[in-house]
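K.L.:
Below you'll find the structure I mean.
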Amino acid sequence: MGYILGISCGYHDSAAALIQDGIVLGACEEERFTGIKHDSSFPHNTIKWLFDTFKISNNDLDAICFYEIPQEKLDRIETSTKQGGITNYFKRKKIINRNKKAYVELHKEIDSYVGKNTQVVFSEHHKSHAAYSYLTSPYKDAVIVSVDGVGEWETTSIYVGEQNTTKKIKSIGFPDSLGMFYSAMTSFLGFKPNEGEYKVMGLAPYGNPIKFFKKFDDIITSSDDGGYKLNMKYFTYEWSDTHMFNEKLGEQLGIPNRLPEEPLLQEHKDLAAGVQLIYEKYFFRLLDNAFNEHPSKNLCLSGGCAYNGTANGKILEKTKFNNLWIPPAPSDAGSAIGCALDYYYSNNISLRKINTNPYLGPDYTRKEYSDTLEKYKKEVYHEYHTDKSISKKISKEITDGEIIGWFEGRMEFGARALGNRSILANPRDPQMKSRLNRVIKKREGFRPFAPIVKRESQVKYFNYKRVVPYMNQVVKVKDEYVDKLPAITHIDKSARIQSLDSKQQPRIYNLLTQLEIDNGYPIVVNTSFNLKDQTMVLTPEDAIKTFLNCEMDTLVLGNFIVKKTIT
């Protein structure tokens, strides 16, 4: 079988992926090329990169797979927007016409990549999510749970994965949606939906979850089939594309919604805590129901809600599942891989190929590094070092409190920095969290930072035994290390870890080994290589520009150690 191109776009986190013989050759989010966070546009730049890198053209494509079924999604939009009533008539027509136009344009854009033997396939939204999680997992048999905002009509789906196929056994339909509930509450708290959910999770440990807990009794309730129902009298997302809730939500909660520029008060922290607790209540009820439907020791999780690391870190403790797999990009971006892998295994009886590598994006040659450094020679100077020398020098700098930009190899796929486009710092420095938030990331001071830890050392410092390769689970720091690792320990004594082995990222692993010698711990603070409201750096030039635009001390660019010129 030839090449399969997977595409997801149109809502947020657009991406494209290229598969051959069941192997993911490359994948990247469109935002990395455009610089527009959560870019929803058709991923022309990503596709061009894939075609150029792997030297293919339209005629090499056996199939183009799209991550959802546009017509069914349009049917849902046409139906649901009627809920706005007669006062919403003209706005409804505008929404429908815009979506119809977008879908016509989508078909044209897909057709522009069709070759003489290319089949175009549209996959169900949640099937693409489920396939991505299951078909990149190490499990032959698994329960797959996909939870997000909404696809075509479904908001939550439960699948069984067996013999490289996925079979849906249960689903919950729009407008009842855990994802939309969390996003609506994100908006109520003054953050941007589909982006600010991380802020709600980071804010929640500062609050009392019980204060608002009973207020949600009339907002979200349990359904008899193990699911949940939302009281839509409080929400407007069913028919509006600009507002997610109405004034009744504030009346029920007893506080007005916070505007983005307003200060964060204790009541907002308490509400964030309540939102997270309510989410977990219904999320774990859903997982229990999934296990009852198909008892399995293995759980694969997908959908945008699979980025809720706080809930994820409690799954093995609070459910009957023994093993958990969450891929590196479980939201819509990953579905570009999911729909393509689903098509491949639907048309090929094949042993499962290993697709656990998260480093699927562009990389650059030593010459490209050198040319970029030459371009910026007035602003920076550099030295070439061996891998061993870099580990020793950078470990010393991190131990001394310096902040390091780390750029190498192929870019990570997904929202997490996994060591190839990272900012690294000392986990022991009590001032490092505030310093990173203030002068590097330029973001809210309450947001925590995550650590990378050597896999074999993980259980020494954290109360969690399972490997966490993609930084998608929040776990507890052991009590005796809470005060010793202040830069990576959140207010509730938690940390969102990445447990690293020597095969996944050898150079960072070697750095951790050296840090254990120099700094006492095989742990480093790791955050994505970007500033506030910017996308993760893609190119060596992006890295240098970001390095020059903040108070970062050193940049590692491949095997070059780069410093700013003193003026």
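The values are calculated or read from the model by the stated rules, or taken from the named source; none is laboratory data. Please read these numbers as outputs of a predicted model, since none were measured by experiment. Heads up, the Cβs are rebuilt from the backbone with ideal geometry, glycines too, and the neighbour counts pull from every protein chain shown. In case anyone asks, the SASA skips ligands and DNA or RNA and just uses the protein heavy atoms, side chains included. Shrake-Rupley method; radii C 1.70, N 1.55, O 1.52, S 1.80 Å.
K.L.:
Given the conditions (1) over 30 Å from Ala63 (Cα atoms); (2) of a type in the set (D, E, K, R); (3) within 25 Å of the chain's Cα centre (by Cα), and given that Glu251 satisfies all but one, which numbered condition is not satisfied?
P.N.:
All conditions pass for Glu251, except number (3).
K.L.:
From the list Asp52, Asp21, Asp39, Asp62, exactly one residue is more than 24 Å from Gly173 (Cβ to Cβ) and open to solvent by less than 20 Å² (accessible area, probe 1.4 Å). Which is it?
P.N.:
Asp39
K.L.:
Output the residues belonging to the range 305-330 that are among the aliphatic types (A, V, I, L, M), open to solvent by 30 Å² or more (accessible area, probe 1.4 Å) and without any contact (Cβ under 8 Å) to a residue 40 or more places away in the chain.
P.N.:
Matches in the range 305-330: none.
K.L.:
Same structure, new question: Has the range 483-504 got at least one residue that is surrounded by fewer than 17 Cβ atoms within 10 Å (Cβ to Cβ), among the polar types (S, T, N, Q) and closer than 21 Å to Gly558 by Cα?
P.N.:
Among the residues of the range 483-504, at least one is surrounded by fewer than 17 Cβ atoms within 10 Å (Cβ to Cβ), among the polar types (S, T, N, Q) and closer than 21 Å to Gly558 by Cα, which makes the answer yes.
Residue-by-condition table, conditions (1) of a type in the set (Ser, Thr, Tyr); (2) crowded, with 22+ Cβ neighbours inside 10 Å:
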residue: Leu135; (1), (2): no, yes
residue: Glu162; (1), (2): no, no
residue: Thr166; (1), (2): yes, yes
residue: Pro175; (1), (2): no, no
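K.L.:
For the range 338-349, how many residues meet the condition of being out of contact with any Gly (no Cβ under 6 Å at 6 or more places or on another chain) and either surrounded by 14 or more Cβ atoms within 10 Å (Cβ to Cβ) or small (Gly, Ala, Ser) (or both)?
P.N.:
Summing the residues that are out of contact with any Gly (no Cβ under 6 Å at 6 or more places or on another chain) and either surrounded by 14 or more Cβ atoms within 10 Å (Cβ to Cβ) or small (Gly, Ala, Ser) (or both) in the range 338-349 gives 7.
K.L.:
Among (1) in a helix (DSSP H, G or I); (2) aromatic (Phe, Trp, Tyr); (3) in contact with a Lys or Arg (Cβ under 9 Å, 6 or more places away or on another chain), which single condition is Phe283 missing?
P.N.:
Single failed check for Phe283: (3).
K.L.:
Regarding the range 287-304, can at least one residue be identified that is open to solvent by 10 Å² or more (accessible area, probe 1.4 Å), at pLDDT below 95 and within 28 Å of Ala450 (Cβ to Cβ)?
P.N.:
Yes, the conditions are met somewhere in the range 287-304.
K.L.:
Out of the residues in the range 505-539 that are among the polar types (S, T, N, Q) and not in a loop (DSSP other than H, G, I, E, B), which is surrounded by the fewest Cβ atoms within 10 Å (Cβ to Cβ)?
P.N.:
The selected residue is Thr513.
K.L.:
Ok, one more. Check the range 2-17 and report whether any residue there is surrounded by 20 or more Cβ atoms within 10 Å (Cβ to Cβ), without any contact (Cβ under 8 Å) to a residue 60 or more places away in the chain, within 22 Å of Lys108 (Cα to Cα) and not aliphatic (A, V, I, L, M).
P.N.:
So far as the range 2-17 goes, yes, one or more of its residues are surrounded by 20 or more Cβ atoms within 10 Å (Cβ to Cβ), without any contact (Cβ under 8 Å) to a residue 60 or more places away in the chain, within 22 Å of Lys108 (Cα to Cα) and not aliphatic (A, V, I, L, M).
K.L.:
Is it the case that the range 390-413 has a residue that's at pLDDT below 95 and of a type in the set (A, V, I, L, M)? Talk me through it step by step, then tell me what you get.
P.N.:
Initial filter on the range 390-413 (at pLDDT below 95): none.
Scanning the range 390-413 turns up no residue that is at pLDDT below 95 and of a type in the set (A, V, I, L, M).
K.L.:
Do we have Tyr279 as within 30 Å of Asp75 (Cβ to Cβ), in contact with a helix residue (DSSP H, G or I) (Cβ under 6 Å, 6 or more places away or on another chain), modelled with pLDDT of 95 or more and buried (at least 20 other Cβ atoms within 10 Å of the Cβ) here?
P.N.:
yes
K.L.:
If you go through the range 377-397, how many residues are open to solvent by less than 50 Å² (accessible area, probe 1.4 Å) and in contact with an Asp or Glu (Cβ under 8 Å, 6 or more places away or on another chain)?
P.N.:
Narrowing the range 377-397 to residues open to solvent by less than 50 Å² (accessible area, probe 1.4 Å): 380, 385, 389-391, 394-395, 397.
This time we only want the ones that are in contact with an Asp or Glu (Cβ under 8 Å, 6 or more places away or on another chain), so: 395, 397.
Number satisfying all stated conditions: 2.
K.L.:
Out of all the residues in the range 462-475, which are free of Cβ contacts under 8 Å to residues at least 40 places away in the same chain and open to solvent by 20 Å² or more (accessible area, probe 1.4 Å)?
P.N.:
Residues satisfying the conditions are Asn463, Lys465, Val467.
K.L.:
Is it the case that Ile77 is closer than 30 Å to Gly22 by Cβ, of a type outside the set (Gly, Ala, Ser) and open to solvent by 10 Å² or more (accessible area, probe 1.4 Å)? Outline the logic, then answer.
P.N.:
Details: closer than 30 Å to Gly22 by Cβ: no; of a type outside the set (Gly, Ala, Ser): yes; open to solvent by 10 Å² or more (accessible area, probe 1.4 Å): yes.
No.
K.L.:
Okay, next question. Filter the range 208-256 down to residues that are under 27 Å from Glu293 (Cβ atoms), in contact with a helix residue (DSSP H, G or I) (Cβ under 9 Å, 6 or more places away or on another chain) and touching a residue at least 24 places away in the same chain (Cβ under 8 Å), then give me how many there are.
P.N.:
Here is the first cut: in the range 208-256, the residues under 27 Å from Glu293 (Cβ atoms) are 216-217, 219-232.
Among the residues that remain, those that are also in contact with a helix residue (DSSP H, G or I) (Cβ under 9 Å, 6 or more places away or on another chain) are: 216, 219-220, 222, 225-228, 230-232.
Next, from what is left, pick out any that are touching a residue at least 24 places away in the same chain (Cβ under 8 Å): 216, 219-220, 222, 225-228, 230, 232.
The number of residues fulfilling the criteria is 10.
K.L.:
Need a quick list: helices (runs of 4 or more DSSP H) entirely within the range 292-373 having at least 1 residues that are polar (S, T, N, Q).
P.N.:
Hits in the range 292-373: 309-312, 335-347.
K.L.:
Those residues that are in contact with a Gly (Cβ under 9 Å, 6 or more places away or on another chain) and closer than 16 Å to Met201 by Cβ, I need them from the range 283-302; list them, please.
P.N.:
Matches in the range 283-302: none.
K.L.:
Looking at the range 155-198 only, could you name the residues that are in contact with a Gly (Cβ under 9 Å, 6 or more places away or on another chain) and of a type in the set (D, E, K, R)?
P.N.:
Once the filter is applied, which keeps residues that are in contact with a Gly (Cβ under 9 Å, 6 or more places away or on another chain) and of a type in the set (D, E, K, R), the range 155-198 yields Lys167, Lys170, Asp176, Glu197.
K.L.:
If only one of Val104, Val145, Val114 is touching a helix residue (DSSP H, G or I) at 6+ places or on another chain (Cβ under 7 Å) and surrounded by fewer than 24 Cβ atoms within 10 Å (Cβ to Cβ), which one is it?
P.N.:
Details: Val104 fails: touching a helix residue (DSSP H, G or I) at 6+ places or on another chain (Cβ under 7 Å); Val145 fails: surrounded by fewer than 24 Cβ atoms within 10 Å (Cβ to Cβ).
Checking each option against the conditions leaves just Val114.
K.L.:
I've got another one for you. Can you tell me which condition Gly226 does not meet? The list is (1) open to solvent by less than 50 Å² (accessible area, probe 1.4 Å); (2) modelled with pLDDT of 95 or more; (3) in contact with an Asp or Glu (Cβ under 8 Å, 6 or more places away or on another chain); (4) not aromatic (Phe, Trp, Tyr), and all the others hold.
P.N.:
Among (1) open to solvent by less than 50 Å² (accessible area, probe 1.4 Å); (2) modelled with pLDDT of 95 or more; (3) in contact with an Asp or Glu (Cβ under 8 Å, 6 or more places away or on another chain); (4) not aromatic (Phe, Trp, Tyr), the lone unmet condition for Gly226 is (2).
K.L.:
Residue by residue through the range 49-82, note down the ones that are without any contact (Cβ under 8 Å) to a residue 12 or more places away in the chain and either within 20 Å of Gly10 (Cβ to Cβ) or not in a helix (DSSP H, G or I) (or both).
P.N.:
The answer is Lys55, Thr79.
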